[in-house]
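The values are calculated or read from the model by the stated rules, or taken from the named source; none is laboratory data. Remember, predicted model here, so these are calculated numbers, not experimental data. Neighbour counts run over all protein chains shown; Cβ positions are idealised from the backbone, glycine included. Calculation scope for accessible area: heavy atoms of the full protein, side chains included, ligands and nucleic acids excluded. Shrake-Rupley method; radii C 1.70, N 1.55, O 1.52, S 1.80 Å.
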Amino acid sequence: MGFGVLEGLAAVSIWRGGEFGRWFGILAAGLGGLAAMMSIPAHPFWSLALLAIDVLVIYGLAAYGGKPYLTR
């Protein structure tokens, strides 16, 4: 429950152009990617799909997360 609240605060921070949300999102997506890689033997296709989404999230936050003028 607390992690979900932190992710909500990170989303608000990203919308406002803050650095907290950007780095927290990269960290959360990185941990999600590690969890997806660990579950590949159990659910290969689902895990690879989640890993691809996590990579896209990390790329998006790293490339555009700190540039609020691109959203205007």
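Observations, loosely collected:
- Within the stretch 5-46, being touching a residue at least 40 places away in the same chain (Cβ under 8 Å) and part of a loop (DSSP other than H, G, I, E, B) holds for ARG16, GLY17.
- All of ILE14, ILE40, ILE26 fail the test of being open to solvent by 30 Å² or more (accessible area, probe 1.4 Å), among the aliphatic types (A, V, I, L, M) and under 10 Å from the mean Cα position of the chain (by Cα), apart from ILE26.
- Test for ALA62: is it assigned to a helix (DSSP H, G or I) and touching a helix residue (DSSP H, G or I) at 6+ places or on another chain (Cβ under 8 Å): yes
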